[in-house]
Every structure is written in C-alpha cells, then in structure tokens.
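Values in this text are rule-based calculations from the coordinates and carry no lab data. Remember, it's a predicted structure, so these values are computed and weren't measured experimentally. Cβ coordinates were reconstructed from backbone atoms using ideal geometry, including for glycine residues, and neighbour counts include every protein chain displayed.
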Amino acid sequence: MEGSSEIPGFYKLPVSERMQLIRKLTGISEEEAKTVSNTGGLPADVADHMIENVIGGITMPMGVATNFKVNGRDYLVPMALEEPSVVAAASNAAKMARVKGGFSVTNTGPVMIGQIQVVNVPDPPGAKANLISHRDSIIAKANDQDPLLVSLGGGAKDLNVKVLSTLKGPMVIAELIVNTGDAMGANAVNTMAEAVAPMIEELTGGRVFLRIISNLADRRLVRASAMFEKEAIGGEEVVNGIVFAYAFADADPYRCSTHNKGIMNGVVAVGIACGQDIRALEAGAHTFASRSGKYKPLTTWEKNLEGDLVGTLEMPMAVGLVGGASKVHPAARVAIKILGIKSAVELAEVMGAVGLAQNFAALRALSSEGIQRGHMKLHARSMAISAGATGEQVDLVARAMVEEHKIRFDRAKELVEKLNSQN
C-alpha cells in the first residue's frame with residue numbers, strides 16, 4: 001500500500017468514503033471496489049452497524065440440505081459455506097438415515113456459565129465458603145439485570161465456586177449458571193457477571209479482573225443418534241470400515257482433528273446460514289473434545305448385533321434466536337424461516353443431527369471410494385470458474401480435468417483458452 005495504515009477518523013467516514021480512501025491507499029481498481037461493495041442480501045447501512053470500519057461485504061453460497069428427519073419432523077436445512085460436496089454429502093447421509101427413522105436428538109437446555117475471576121484473596125477457602133453462603137443474594141443481583149429473561153423462565157439459576165492453583169497463585173472463580181432461553185446468551189451472562197463483581201469483591205476481600213462467559217458450554221449439550229441399515233449404506237464392509245475409521249480417530253489426535261473438522265463442516269455451515277457465533281461453536285466443540293486431557297472424537301460409531309451402523313454425537317451447541325446476526329442479518333432471518341425452527345433448543349438439535357450426518361458421510365467416503373472422488377468433481381468446477389470458464393464451459397472443462405485426473409489451475413486455463421479459440 002501507499003502511505004500509512006494509521007488513518008485518524010476512519011471509523012467516522014461513510015462506507016463509500018472509506019472505500020474511496022482504501023482505493024487510494026491500496027490501488028485496487030474501480031471494478032474490484034464494486035465487487036467488495038456488493039453486500040448482497042445485507043444492506044450496507046445494516047452492515048455498518050454490525051461491525052466497525054465497514055467497506056463492503058463478502059458473499060458465500062447458501063445451499064439447502066434435503067432429506068433431514070429429526071425427532072420425527074422433516075427439515076430443509078440451509079447451509080452456507082465455500083467447500084464443495086458438503087451439502088450433497090449431508091443430504092445423502094440424511095436420506096440413508098431415514099431408512100431407520102432419521103435422527104434422534106436430545107438437548108440439556110440453554111444453560112451457559114459466566115465466570116468471575118478473583119485474585120489476591122487473603123483466604124481462598126474461606127472466600128469460597130462465604131460466596132456459597134451468599135448464593136441467593138448473588139443470584140438475585142444477577143437476575144435484577146434481566147427481568148424479561150427471568151419472566152420467561154430463564155436467568156441465573158445457581159452459583160458454583162472453585163479455587164484454582166495458577167501460575168500467579170490461587171484464584172477464586174465464581175461461576176454463574178444461567179438459563180439463557182432463546183438467546184445464545186453472551187450479552188446477558190456478561191452483564192450479570194459485571195453486576196455481581198463488586199459484591200463478590202466485598203465477600204472475598206480480593207480483586208475481580210475477568211467477568212466473562214465461558215464458551216465451554218458443557219451444560220448446553222446436544223446428543224444425536226442415528227442407525228444406518230448396512231444394506232442402505234453399502235454393506236458389511238462399509239460398516240466395518242467406518243468403525244475402523246472411528247477407532248483410528250479415537251486413538252490418534254492427528255486423525256481426530258480431521259474427524260471433528262468433518263463434524264464442524266456441517267455444524268458451522270448451518271451456523272453461518274442462521275447467523276450464529278461460529279467462533280464460539282468451534283471453541284466449545286474442540287475444548288469439549290479435549291476434556292479428558294486427550295483430544296477425542298465428538299462422535300462414536302459402532303456395529304450392532306444386526307450388523308447395522310449406529311452413530312452418536314455429543315457436543316456443546318450454544319446457539320440463539322434472540323439478538324445477534326440471527327435477528328439483524330436479513331439472509332439469516334430467511335434461513336431460519338426456511339428451517340422452520342421455533343426455539344434455540346430446536347436449532348441446536350437440528351445442528352447436532354447435521355454434524356452427525358456430515359461425519360457419517362465423510363467416514364463412508366473415506367472407508368469406501370475415498371473422499372477425493374466426489375469432492376474433486378466439485379472442486380474441478382470451482383477450478384474451471386477461477387480459470388475463466390463461463391456458462392457451459394464450466395462443465396466441459398471440469399469434466400475434461402476429471403477424466404484426465406489433472407485437476408489443476410494451469411490445465412483449466414489451457415482448456416478454457418482452447419474452448420475460446422474454437423468460438
């Protein structure tokens with residue numbers, strides 16, 4: 001770039017003027033600026049209030065996964081992501097699961113934890129006992145912050161206290177246990193934690209530093225299960241292959257990382273479409289997978305006495321329908337309407353089913369034909385487009401590369417140029 005990145009007052013400028021300044025500093029073209037300025041279904045003025053220093057937006061394909069039956073109800077599931085084959089794989093997995101009734105999912109409820117960190121406590125065990133004895137007054141103070149949530153059956157429900165041994169000495173950690181209702185809950189929980197901090201300082205004789213929600217939502221779990229009839233998924237060898245693949249992931253964190261990534265392909269795609277905090281979802285999932293001290297799969301896969309495959313998933317699912325992008329982003333509101341869910345718990349249950357379906361699809365592909373076969377066919381289309389293919393050229397170039405087993409940008413470019421020269 002030309003000039004300094006220190007731009008006083010940049011945040012005060014209108015979106016269009018910020019873009020003009022970015023053009024001047026970085027040399028991007030007018031056409032490139034128009035591309036970024038196209039915010040799609042998100043009005044620029046709404047985007048400007050969602051985050052800071054907005055200059056435009058980036059759009060992502062949204063597809064709809066079909067065939068999902070969760071707890072006896074059918075769903076069309078919006079999924080937004082850039083990776084090919086994911087939506088198709090989820091749809092295919094859900095179709096196979098329907099043979100045995102689809103997905104069964106339970107939820108432990110929308111409960112989050114807010115942590116208040118107290119340091120320099122003269123008597124940590126005594127402070128812990130004092131906080132516990134004042135549990136009711138602390139909870140009452142927390143609930144004063146959100147009477148609407150309390151009136152709807154939510155709010156702070158309990159108080160846990162623990163003493164940690166840390167690099168900086170002992171710390172007393174007070175934890176508010178909060179039912180957040182249909183909200184993801186970060187704002188409500190953080191507000192409660194802020195409010196009770198002075199009371200906790202007085203009761204402990206220490207100093208409060210952090211007052212923040214935990215994204216390890218281990219009191220907000222979904223548990224999904226499905227049975228896949230062996231004949232419906234390719235026979236006994238496929239069942240055995242998936243069970244062996246799971247055993248590999250259970251034993252080796254290098255494999256397990258990719259195993260769990262496949263689950264999050266589905267969970268995050270629905271989360272993006274429905275305006276959820278996907279960073280919180282990722283953080284909670286991977287921390288939960290490590291709770292034993294070893295990084296473990298979020299799913300289990302077993303063969304039952306009839307030889308059918310049984311899969312289960314257990315993971316945190318902190319999602320909401322109140323506040324955040326789910327209410328602000330027009331496309332997220334439409335996605336939620338397509339999904340047809342009525343509560344945060346229902347959204348979490350569907351997302352758990354999609355995570356299990358996505359994991360099944362990946363393991364089935366890996367243990368049978370190999371995951372690249374279907375994935376690369378779709379990747380070839382993206383490669384063709386990036387090389388300049390348009391219209392019918394996209395399929396022609398993609399098909400040629402797949403047949404040649406040469407799915408590369410340079411080959412795509414050659415094929416596009418050849419087609420253009422024939423016209």
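The figures follow:
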{"read-out": "Whole-Hz ³J(HN,Hα) from phi, Karplus 6.51 cos²θ - 1.76 cosθ + 1.60, for segment 104-116, glycine and proline x", "value": "10, 9, 10, 9, 7, x, x, 10, 10, 10, x, 10, 10"}
{"read-out": "Inter-site label distance for residue 38 and residue 300 at 7 Å from Cα along Cβ, in nm", "value": "4.9"}
{"read-out": "Relative contact order (%) - criterion: Cα under 8 Å, at least six apart; region: segment 73-188", "value": "30"}
{"read-out": "Projected-area mean, segment 374-422, by convex hull of Cα positions, square nanometres", "value": "2.9"}
{"read-out": "Residues whose placed amide H lies under 5 Å from that of residue 290, excluding near-sequence neighbours", "value": "296"}
{"read-out": "Placed amide H near residue 103: partners under 5 Å, 5+ positions off or other chain", "value": "69, 70, 71, 72"}
{"read-out": "Sorted peptide list for 38-45, 176-183, 242-249, criterion being average Cβ within 10 angstrom, highest first", "value": "176-183, 242-249, 38-45"}
{"read-out": "Cleavage-rule hits (trypsin sites (Lys or Arg not before Pro)) in segment 316-353: DSSP loop, at most 12 neighbouring Cβ within 10 angstrom", "value": "342"}
{"read-out": "Ordering of 224-234, 22-32, 258-268 by packing [mean C-beta count within 10 Å, highest first]", "value": "258-268, 224-234, 22-32"}
{"read-out": "Per-residue HN-Hα couplings for segment 337-353 [Karplus 6.51, -1.76, 1.60; θ = phi - 60°; Hz; x = Gly/Pro]", "value": "5, 4, 5, x, 7, 10, 8, 5, 4, 5, 4, 4, 5, 5, 5, x, 5"}
{"read-out": "Debye intensity ratio I(q)/I(0), log10, the chain, q values 0.07, 0.10 Å⁻¹ (C-alpha model)", "value": "-0.45, -0.87"}
{"read-out": "Compactness relative to 2.2 N^0.38 Å, alpha carbon Rg of segment 1-59", "value": "1.10"}
{"read-out": "Estimated FRET transfer efficiency when R0 is 30 angstrom, pair residue 119-residue 150 (beta carbons, to 0.05)", "value": "0.50"}
{"read-out": "Taking the C-alpha atoms of segment 252-362, convex hull volume expressed per residue in Å³", "value": "116"}
{"read-out": "Extension gain, residue 248 back to residue 83 (0.36 nm per residue minus Cα-Cα distance, nm)", "value": "56.9 nm"}
{"read-out": "Using a Förster distance of 35 Å, the FRET efficiency for residue 257-residue 386 (Cβ separation, nearest 0.05)", "value": "0.80"}
{"read-out": "Note, ³J(HN,Hα) from phi for segment 298-314, Karplus 6.51, -1.76, 1.60, rounded to Hz, x at Gly and Pro", "value": "7, 10, 10, 9, 9, 9, 8, 5, 7, x, 7, 9, 10, x, 9, 9, 9"}
{"read-out": "Label-to-label distance, nm, for residues given as residue 160 and residue 48 (7 Å Cα→Cβ offset)", "value": "4.5"}
{"read-out": "Sum of side-chain charges, residue 170 neighbourhood, beta-carbon under 15 Å (Lys, Arg +1; Asp, Glu -1)", "value": "+3"}
{"read-out": "37 °C / 0.692 mPa s Stokes-Einstein diffusion coefficient of segment 163-265, Kirkwood radius on C-alpha pairs, µm²/s", "value": "179"}
{"read-out": "Sparse-neighbour loop sites [trypsin sites (Lys or Arg not before Pro); segment 143-221; at most 13 other C-beta within 10 Å; DSSP]", "value": "168"}
{"read-out": "Rg to Rh, two decimals, where segment 35-169 supplies the alpha carbon set and Rh follows Kirkwood", "value": "1.15"}
{"read-out": "Kirkwood hydrodynamic radius (C-alpha pairs) into Stokes-Einstein, segment 211-252, 37 °C and 0.692 mPa s, D in µm²/s", "value": "244"}
{"read-out": "Ellipsoid semi-axes in whole angstrom, largest first, where each is sqrt(5λ) of the Cα gyration tensor of segment 112-214", "value": "24, 13, 10"}
